[in-house]
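Here you go, one structure.
What follows draws every value from the coordinates through simple rules; no lab data is involved. Owing to the predicted nature of the structure, the values given are computational and were not obtained by experimental measurement.
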Amino acid sequence: MPESVIASESQEDTSLVRVIKQLRKFGPIQPVQESKIKALNPEQLVNLREDLQKFKSLKDLDDWLTVN
């Protein structure tokens with residue numbers, strides 16, 4: 001596997017971990033929510049990270065996942 005692919009996957013994993021950690025401030029993340037987050041493509045994950053700043057609860061996450 002080329003180094004660029006490995007680096008990209010590593011960055012995505014890091015972004016995913018950061019998003020999940022940030023969401024935990026609202027309470028426990030449900031398995032279905034975590035599965036949906038893990039299924040996001042890299043662009044969606046970046047958008048989620050940006051929009052997280054506006055979230056007030058995990059309901060905001062559910063709403064975001066429904067739209068995106």
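In straight Cα distance, which lysines are under 18 Å from residue 54, not counting same-chain residues fewer than 8 positions off?
Partners within reach: 21, 25.
Oh, and also: Extension gain residue 49-residue 14, at 0.36 nm per residue separation less the Cα-Cα distance, in nm?
Values: separation 35, 0.36 × 35 = 12.60 nm, distance 1.17 nm.
Extending this stretch completely gives an extra 11.4 nm.
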